[in-house]
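Notes follow once the structure below has been shown.
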Amino acid sequence: MSAAARRPGLDVMRVVAVAAVAWFHYGFRMQVTGEAGPAAGSGDPGDWARFGYLGVSVFFAISGYVISISTEGRDPFTFAVARVARLWPVYGVAMTLTALVTLAVPALGFPLSLPQYLANLTMLAPLLGQPFMDGAYWSIVAEILFYGWVGLLMLAGLWSRHQVLVALVWLAVATLDQAVIGSDVLRRLLLTDFAGFFAFGMMLRACERGEAGARLVLLAAFVQAIAAAVLFAGGLVEVYRGEPFPPLAVGGIVAVSLVVLALATRLQAPWLPAGPVTVAGRATYPFYLLHQHVGYAGFFLLVPVIGLAGSAAVILAGVALVSLLLTVGVERPAARLVRGAGEWVRMRALSFRRRPVG
């Protein structure tokens, strides 16, 4: 069992974070945008539901912590294989299910084409000039970009030896970009909107390892994450037609969330059933992938029949069930296959390098 897996508090945080994101989409976004049809969007946007998008930022902080653990004792190749094994198989199935639902409910008006589907199989559709199959996928690209930087730093020998310095420089660049430069390239390439969250998770683990300066950089990441979240929320006012995102509420939610995350990494909780909690935590990934557009399709079809509340209950239960099935029936066996393939590639590469020349 990995060091990350022995922290049930992280799985509880994952469940709470993905529930918050679903609350945001169902209780706020679809009410403002009407993406799920006029019947589903007939309610008033929830006052607190509007802050549920911050659950994605909590996922970024969790990722910073867990990735720091998962790189320990691994080389860049093994790290890359582990990430592919964790992300791609479930993503491929969930994205295909979303495409089928989109095809079955064309009245929603979401884009769908074969080039789009094939581009989305790469998980990097915008780089191929195609839209995401589901709007929620943007954060998966951010995660992959973070993994890419981690892999490059591992190759350069900087990740394990200078992680505190890496986090400090990243925070400095992000702060400078947001306060002075305002570069779209830096924002996309270096994830300056979310650097504080990733760095906070990284420094939580660095503090556990007792690295010098980690506590100070952890505090800097905490402050930067709050400031960046407030700044990001300011841009959402225009996106959501003047709906307010009060800075004090955004900053307070972020601060509390990060403090709770720090406590969750230390929570042992022997009273929690380890197996179900772990499965639930892992199932948040397919749930996140499925809940938005598939959920909108469900609301579009069900609200005229059983109302908004009944539709929400059916959709949440259905998406949760499919997510659990994907976690147990797809992720685990597919991950074994991917890791096996990775080991085969490694052995072939070693064999080729040892082969005598001439």
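The values are calculated or read from the model by the stated rules, or taken from the named source; none is laboratory data. Please read all numbers here as calculations on a predicted model, not as lab measurements. Neighbour counts are summed over all protein chains in view; Cβ atoms, including those assigned to glycine, are modelled from backbone coordinates with ideal geometry. Keep in mind that these areas ignore ligands, DNA and RNA; they rest on the heavy atoms of the full protein, side chains included. Shrake-Rupley method; radii C 1.70, N 1.55, O 1.52, S 1.80 Å.
Counting only protein heavy atoms and a 1.4 Å probe, tell me what percentage of the chain's accessible area is made up of carbon and sulfur.
Roughly 71 percent, rounded to a whole number.
Separation of the stretch 135-174 and the stretch 203-253 by C-alpha centroid, Å?
17 Å
According to the Kirkwood expression over distinct Cα-Cα pairs, how big is the hydrodynamic radius of the stretch 215-358, in Å? Walk me through the numbers before you get to the answer.
Numbers: mean 1/r = 0.0494 Å⁻¹.
Evaluated on the stretch 215-358, it is 20.2 Å.
Quick check for you: with a 1.4 Å probe and neighbouring chains kept, what is the accessible area per residue of the chain, in Å²?
Values: 16960 Å² over 358 residues.
Computed with neighbouring chains in place, this is 47 Å² per residue.
Using Cα pairs closer than 8 Å and at least 6 residues apart in sequence, work out the relative contact order for the stretch 235-358, in percent.
22 percent
Treating each Cα of the stretch 26-66 as an identical point scatterer and ignoring solvent, apply the Debye formula and state log10 I(q)/I(0) at q = 0.24, 0.35 Å⁻¹.
-0.72, -1.06
Treating only the Cβ atoms of Lys and Arg (+1) and Asp and Glu (-1) as charged, compute the dipole magnitude of the chain about its Cα centre; round to the nearest 20 debye. Each step should come with its number before you reach the end.
On the way: 25 positive and 17 negative charges, 309 e Å.
It comes to approximately 1480 debye.
In the stretch 92-226, what is the volume of the convex hull around the alpha carbon atoms, normalised per residue and reported in Å³?
Cα-based convex hull of the stretch 92-226, divided per residue, equals 139 Å³.
Using the alpha carbons of the stretch 278-332, what is the convex hull volume per residue in cubic angstrom, as a whole number?
Residue-normalised Cα hull volume stands at 66 Å³.
Suppose a student asked you for the relative contact order of the chain, using Cα pairs under 8 Å spaced at least 6 residues apart; what percent would you report?
28 percent
Sorting check: for 272-278, 56-62, which peptide has the highest mean count of neighbouring beta carbons within 10 Å, and how do the rest follow?
56-62, 272-278
Quick one: Debye curve from the C-alpha atoms of the stretch 32-175, no solvent, what's log10 I(q)/I(0) at q = 0.09, 0.14, 0.16, 0.19 Å⁻¹?
-0.40, -0.86, -1.02, -1.22
Helix-derived [θ] at 222 nm for the chain: sum -39500 (n - 2.57) over DSSP H runs of at least 4, divide by residue count, nearest 500?
It lands at -23500 deg cm²/dmol.
Can you give me the Kirkwood hydrodynamic radius for the chain, using every pair of distinct Cα atoms, in Å to one decimal?
21.5 Å
Which of the DSSP-defined H helices in the chain satisfy a minimum axial length of 27 Å, computed from C-alpha atoms, and a minimum mean Kyte-Doolittle hydropathy of 1.6?
Result, helices passing both filters: 214-239.
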